[in-house]
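As structure tokens, the structure follows; a few thoughts come after it.
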Ligand SMILES: *Cc1c(COP(=O)(O)O)cnc(C)c1O
């Protein structure tokens, strides 16, 4: 573990052999104290460490491969070696200067929630097996749905592994609701080719979903975005009309609230109106941006989301709980029950006035994903979260000003804390190459983590403020790091 992590607790007393094979045997307190030491060291020292390290693939594989699993190894040794591997072989999303891909440092209560969920290990397939856990998740789903603007009493939905599963759930629900014969006879029973529409800036899980559902990847119509990186509604209308005229069967339009690249929010009210006019389903993929609804101020930027047939959110993004905790929200309890209906003799019988999650969502055995959000939300309060979200937005505003002052061009416009910026003097190199080199230089320095992005054909750098650990000093540190990288690249 190096000098980073003195092993102050002796493992001499820890038994090897058969005793370590019995998961309940051994001095559990010793192990927990060891883990607590690791967590404390992580919290206290993370900001002094590089955000990411260079990984030597050969060394990493050799260290992992050294475990042949034939003979038992003392748990203290395994934990220490694994922690060392994770420290060296991880981009530290827990770092205050990780300005990355919607992965924040997790809340403490989120980590505690994961531990309790694992230890109690309630089986959420059937209500009767896990009444407390199912009711806690249902309560959270109602809370989130109500914040989106759905009538509180009508909210339905479920926790998912993440945004991708929630989006897939939305597609299955939309197909089932649009064509009741889809569930039994399948896609070939439909009167035309089902088509779905999302912005060219949308999250491309849509392609994998189209592949997996049998729609086929070509069924995803990527609608060009305007200069503001929001879906161009006129182009959408033209596509819908042309596809209909050609015998296609448009069934769903996706508005993205917070695109992955630039944090753009599609024009939701216009999309809702157009969907009404064409009689197609409206889904909002708000995996990242949707949690802005916890702030009364930021909620205004999501106006129109409440008109969606279904909404995807991800608590493991802006709400900072450990991965995976997505959710699909809607007001169509019967539709979900129809989409995922099944009954077996070996599952426990349903109980009146309750829903068995395995009969109204995609997963069967399911873990208690909601607990980490329940604990985090209860302890921070909605107001605590709102403060944090608004603070991230303010820090991003500060970052935009500082970058502009240093001669960078800000190339996106969003109320969300995603800042995309370009060097107007790329020099002789192609802009893509130039910005790639800038990002690599910043990442290699270990001082911050940022990425590159291509927006409407333009290359840029991308920084997302999402960690509760990020301060004004970290924003200054990032600006310094990119300025120095630029100097180095121009030299
Ligand atoms: C992250 C993201 C997804 C995918 O969610 P996962 O949790 O990674 O499965 C989908 N859509 C958007 C807009 C996202 O930002």
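Would you please give the FRET efficiency between residue 296 and residue 208, computed as 1/(1 + (r/R0)^6) with r the Cβ-Cβ distance and R0 = 35 Å, to the nearest 0.05?
In this case the efficiency is close to 0.50.
How far, in nm, would the chain grow between residue 246 and residue 490 when pulled straight, counting 0.36 nm per residue and subtracting the alpha carbon separation?
Once the chain is fully extended between residue 246 and residue 490, it gains 82.6 nm.
Please report the spacing between the Cα centers of the range 441-491 and the range 106-128 in Å, no decimals.
The range 441-491 and the range 106-128 have Cα centres spaced 35 Å from each other.
Tell me the label-point distance for the pair residue 345, residue 228, using the 7 Å Cα-to-Cβ offset, in nm and rounded to one decimal.
6.1 nm
So what is the relative contact order of the chain, in percent, for Cα pairs below 8 Å that sit 6 or more residues apart?
For the chain, the relative contact order is 20 percent.
So if R0 is 22 Å, what FRET efficiency would residue 409 and residue 476 give, r being the distance between their Cβ atoms, rounded to the nearest 0.05?
With a Förster radius of 22 Å, E is 0.65.
Run the paramagnetic zone check for residue 101: 7 angstrom along Cα to Cβ, then residues of the range 304-333 with backbone nitrogen under 16 Å.
Label zone hits: 316-318, 323-325.
If neighbour count is taken as other Cβ atoms inside 10 Å, put 37, 488 in order from fewest to most.
488, 37
Multiply the residue gap between residue 45 and residue 379 by 0.36 nm, knock off their C-alpha separation, and tell me the result in nm, one decimal place.
So the extension gain works out to 117.8 nm.
Report the normalised scattering of the chain as log10 I(q)/I(0) at q = 0.06, 0.08, 0.11 Å⁻¹, calculated by the Debye formula with identical scatterers on the alpha carbons.
For the chain, the Cα-only Debye profile gives -0.32, -0.56, -1.03.
Sum -39500 (n - 2.57) across every DSSP H segment of at least 4 residues in the chain, then divide by the residue count to get the 222 nm mean residue ellipticity, nearest 500.
That calculation yields -13500 deg cm²/dmol at 222 nm.
I need 401, 281 ordered by Cβ neighbour count within 10 Å, fewest first.
Ascending number of Cβ neighbours within 10 Å: 401, 281.
So for the chain: antiparallel DSSP bridges make up what percent, rounded to the nearest 5?
Of those bridges, close to 60 percent are antiparallel.
So how far, in whole Å, is the C-alpha centre of the range 183-247 from the one of the range 360-419?
Using only Cα atoms, the two centres lie 28 Å from each other.
With each label point set 7 Å from Cα along the Cα-Cβ vector, what nm distance links residue 398 and residue 108?
So the two model labels end up 2.3 nm from each other.
Provide 39, 399 in ascending order of the number of other Cβ atoms located within 10 Å of each residue's Cβ, fewest first.
Ranking 39, 399 by Cβ neighbours within 10 Å, fewest first, gives 39, 399.
Readers should treat all values here as calculations from the given coordinates under stated rules, not as data from a laboratory. Keep in mind the model is a prediction, meaning the values are calculated, not measured. Note that we place each Cβ from the backbone using ideal geometry, even for glycine, and neighbour counts take in every protein chain shown.
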